[in-house]
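Working notes, structure below.
Just so it is clear, none of the values below were taken in a lab; they were calculated from the coordinates. These numbers were taken from a predicted model, which means no experiment stands behind them. So basically every Cβ, Gly included, is an ideal-geometry build from the backbone, and we count neighbours across all protein chains shown.
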Amino acid sequence: MRRLLIILVFLAGAAGAAFWTLTAPTPIVTDSLASALETGGDVEKGKAVFYAGGCAACHVSQGQPEGQEDRLKLGGGLELKSPFGSFYAPNISPHPTDGIGKWKVADLVNAMQGGVSPAGDHYFPAFPYTTYAHAKVEDIRDLMAFLRTLEPIPGKAPAHTVGFPFNVRRGLGLWKRLYLDHAPVAEEVARPLNWNRGKYLVEALGHCAECHSGRDFIGGVIEKYRFAGGPDLEGKDWVPNITQHKDGIADWSAKDIAYMLKTGDTPDGDSVGGSMTAVVRNMAELSDADREAIAAYIKSLPPREGPPKPPKKD
Amino acid sequence: MKKLFFAVAALAIVATSVMAQSDPIATRKATMKKVGEGAAAVGKIAKGEAPFDLATVQAALKSMQDAAKVMPTLFPDTSKTGGDTAALPKIWETKADFDAKWAKLGAEATDAAAKIKDEASFKAEFPAVGKNCGGCHESYRAKKS
């Protein structure tokens with residue numbers, strides 16, 4: 001009996017130690033490299049990264065007059081509902097205490113690519129670091145140069161209201177082992193230059209797949225449903241399939257995609273709604289060449305059937 | 001013959017208004033479909049897939065003005081659900097803003113219709129009118145799938 005108890009205690013201890021090791025937040029940039037990143041950031045290039053990454057779509061200060069928001073006020077506060085609870089986009093303005101005014105470039109790299117805060121905690125993947133992990137470090141350095149030019153906004157976003165067990169941030173270490181990889185976007189030399197540019201914009205910055213994919217019960221993208229749409233995590237709607245499947249956008253030309261990203265107008269004379277309107281506001285700031293590049297890549301996505309839809313309610 | 005024509009016309013008008021009252025969801029869908037057809041044709045011109053045609057542009061603006069007049073009346077409290085509607089509950093929560101957005105579209109479409117006379121004025125005036133579509137769909141319509 002006593003022996004069994006000792007074994008059990010030992011096993012529990014071993015499991016605890018394994019959990020602790022497996023879930024440790026690991027920063028991307030070490031201290032020795034951090035100072036090198038502080039110089040050379042390009043504000044103009046950073047601005048393009050800012051819009052391509054769609055940062056403002058979530059981090060824009062809430063409570064501004066509708067239709068005339070200043071999208072460069074990044075005080076945060078937007079609520080993102082999910083099956084796990086509500087997340088609130090934090091303040092990423094250069095405010096020294098409420099925002100990220102004291103951050104080094106390395107802190108932003110660790111946040112965007114490692115999902116790790118300066119204090120060494122895991123971020124929830126509502127912040128799409130699974131996409132940004134594929135970005136070039138120079139792009140994040142430029143982005144920081146741009147963010148530092150913006151107005152510091154006081155005020156913090158509300159705390160996330162996430163239930164157990166998802167509120168145990170350490171557990172996200174396991175989640176990252178399943179879903180976070182840091183491979184740079186692979187260039188395909190047989191493809192045109194602008195297709196490769198589009199691939200980078202979509203897979204490393206634009207994070208289209210973060211919404212337009214079916215997800216599993218712990219919120220990881222299901223690969224066979226990548227870009228094939230699925231239930232809106234907010235629980236009301238369905239996010240469209242954007243692959244070349246017949247239920248997707250096979251009947252759109254690359255020109256139609258680029259035009260939608262600029263104007264919000266779809267080829268059938270409709271206009272995109274919901275959270276996609278905020279996406280379009282960012283995409284409209286890109287160059288025509290970048291929108292065409294995104295379109296070329298999206299137009300090349302293999303047809304995939306999305307998750308089964310629930311029967312329509314009347 | 002003339003009498004018959006008037007009778008048919010009157011009947012058609014009555015039928016339309018009865019339909020609007022009895023099935024506002026179907027009516028607003030049909031109205032939006034008309035706007036969409038106009039916008040699709042204009043989109044082709046804007047993308048350079050069709051030559052500029054003033055009549056097409058004016059017809060699209062007309063359908064927007066018509067919709068702006070009738071749409072605010074098509075959301076009685078009894079039409080919040082059913083008919084596979086994509087209308088979000090927020091419409092009834094902030095009906096004044098919803099109506100104001102339609103009025104803005106109506107005014108801007110009317111203004112653009114007066115100003116647009118050729119391809120240059122089309123390129124200058126139309127995009128601003130088109131922005132109204134997303135302005136409403138952002139808050140008041142469920143995602144399309």
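Overview of results
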item: Ordering of A:86-98, A:197-209, A:62-74 by packing [mean C-beta count within 10 Å, highest first]; result: A:197-209, A:86-98, A:62-74
item: Ascending count of other beta-carbon atoms within 10 Å, so fewest first, for A:164, A:50, A:227; result: A:164, A:50, A:227
item: Burial ordering of A:249, A:294, A:218, B:25, fewest other beta-carbon atoms within 10 Å first; result: A:218, B:25, A:249, A:294
item: Estimated FRET transfer efficiency (residue A:6, residue B:97; beta-carbon r; R0 60 Å; 0.05); result: 0.30
item: Of A:156/A:236; B:44/B:117; A:81/A:199; B:69/B:95; B:33/B:69, those spanning more than 22 Å from alpha-carbon to alpha-carbon; result: A:156/A:236; A:81/A:199
item: Dipole magnitude (debye, nearest 20) for region A:181-314, charges at Cβ of Lys, Arg, Asp, Glu; result: 160 debye
item: Expected-Rg normalisation [2.2 N^0.38 Å, Cα atoms] applied to region A:32-108; result: 1.26
item: HN-Hα J in Hz across region B:88-96 - Karplus 6.51, -1.76, 1.60, θ = phi - 60°, x for Gly and Pro; result: 8, x, 4, 3, 7, 6, 10, 4, 4
item: Residues whose placed amide H lies under 5 Å from that of residue A:271, excluding near-sequence neighbours; result: A:266
item: For q = 0.08 Å⁻¹, Debye-computed log10 I/I(0) when each Cα of the protein assembly as shown counts as one equal scatterer; result: -0.55
item: Enclosed volume per residue, in Å³, of the convex hull spanned by Cα atoms of region A:119-278; result: 179 Å³
item: Förster radius 22 Å - calculated FRET efficiency between residue A:288 and residue A:189, Cβ distance, rounded to 0.05; result: 0.35
item: Within-15-Å neighbourhood charge of residue A:129 [Cβ basis; K, R +1; D, E -1]; result: -2
item: P(r) of region A:85-136 over all Cα-Cα pairs, binned every 5 Å from zero, in whole percent; result: 5, 19, 28, 29, 16, 3, 0
item: Calculated on alpha-carbon atoms, Rg and Dmax of region A:193-299 in Å; result: 13.3, 39
item: Förster-model FRET efficiency, 22 Å R0, residue A:251 and residue A:224, C-beta, rounded to 0.05; result: 0.50
item: Equivalent ellipsoid semi-axes - Cα gyration tensor, region B:24-140, angstrom; result: 28, 14, 11
item: All-pairs Cα distance distribution in region A:28-179, expressed in whole percent, bin size 5 Å; result: 2, 9, 17, 23, 22, 15, 8, 3, 0
